[in-house]
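Shown next, in structure tokens, is the structure this report addresses.
The values are calculated or read from the model by the stated rules, or taken from the named source; none is laboratory data. Small disclaimer: the values here were computed from a predicted structure and weren't measured. Cβ: placed from backbone, ideal geometry, glycine included. Neighbour counts: every protein chain shown. Protein only, heavy atoms only, side chains kept; ligands, DNA and RNA dropped before computing areas. Shrake-Rupley method; radii C 1.70, N 1.55, O 1.52, S 1.80 Å.
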Amino acid sequence: MTPRPPAPDSLPQYLAEGVPKQDDADLRTLRDWIDDLLEYRQDVAAEDIDAGEGETIEAVEESSGGTVVIKKVSCGKDNCKCQSGELHGPYKYIVRRQGDSLDWEYKGAVTE
Ligand SMILES: [Zn+2]
């Protein structure tokens with residue numbers, strides 16, 4: 001008899017114990033749901049992107065690897081030019097869902 005494939009070490013115990021207890025139909029449903037969740041996380045719509053205080057969104061472009069956002073930012077220093085509206089950047093970010101919040105991965109200054 002073939003042994004059951006072990007759960008990945010990184011998996012939390014409640015999943016490692018709970019998932020194998022589901023029947024075939026629920027496992028297939030679960031697999032589809034996981035695919036949907038992964039897709040949802042990748043796909044952050046333009047209307048979900050909020051500029052922080054003192055920031056301006058220059059461009060939002062949805063792509064397969066996450067949503068690309070170009071924005072200008074304020075550094076928060078009192079005597080900086082950005083405090084009078086001359087913002088820093090633009091900088092490029094890849095935005096993905098991380099739990100219930102958004103993860104902004106900094107990709108550097110935009111030069112063009
Ligand atoms: Zn500044």
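A compact table of results
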read-out: Residue check, ARG31 modelled with pLDDT of 95 or more, open to solvent by 100 Å² or more (accessible area, probe 1.4 Å) and not in a strand (DSSP E or B); value: yes
read-out: The range 54-83, subset more than 10 Å from the ligand (Cβ to nearest atom) and farther than 30 Å from ILE34 by Cα, residue surrounded by the most Cβ atoms within 10 Å (Cβ to Cβ); value: LYS71
read-out: Search result, residues across the range 71-104 that are more than 15 Å from the chain's Cα centre (by Cα) and either under 17 Å from ALA46 (Cβ atoms) or of a type in the set (Val, Ile, Thr) (or both); value: LYS71, LYS72, VAL73, PRO90
read-out: Residue among ALA46, ALA59 that alone is closer than 17 Å to LYS107 by Cβ and either under 22 Å from the mean Cα position of the chain (by Cα) or small (Gly, Ala, Ser) (or both); value: ALA59
read-out: Number of positions in the range 9-21 that are in a loop (DSSP other than H, G, I, E, B) and either open to solvent by less than 80 Å² (accessible area, probe 1.4 Å) or among the hydrophobic types (A, V, I, L, M, F, W, C) (or both); value: 2
read-out: Selection count, the range 84-99, where residues are within 16 Å of the ligand (Cβ to nearest atom) and open to solvent by less than 70 Å² (accessible area, probe 1.4 Å); value: 6
read-out: Residue within the range 52-64 that is in the same structural domain as ASP100 (by TED's automatic domain parsing) and within 17 Å of ASP100 (Cβ to Cβ) present; value: no
read-out: Test set (1) more than 30 Å from PRO5 (Cα to Cα); (2) within 19 Å of the chain's Cα centre (by Cα) - LEU38 fails condition number; value: (1)
read-out: TRP104 vs. criteria in contact with a strand residue (DSSP E or B) (Cβ under 6 Å, 6 or more places away or on another chain) and open to solvent by 70 Å² or more (accessible area, probe 1.4 Å); value: yes
read-out: Whichever residue in the range 47-61 is aliphatic (A, V, I, L, M) and assigned to a loop (DSSP other than H, G, I, E, B) and, among such residues, is modelled with the lowest pLDDT; value: ALA51
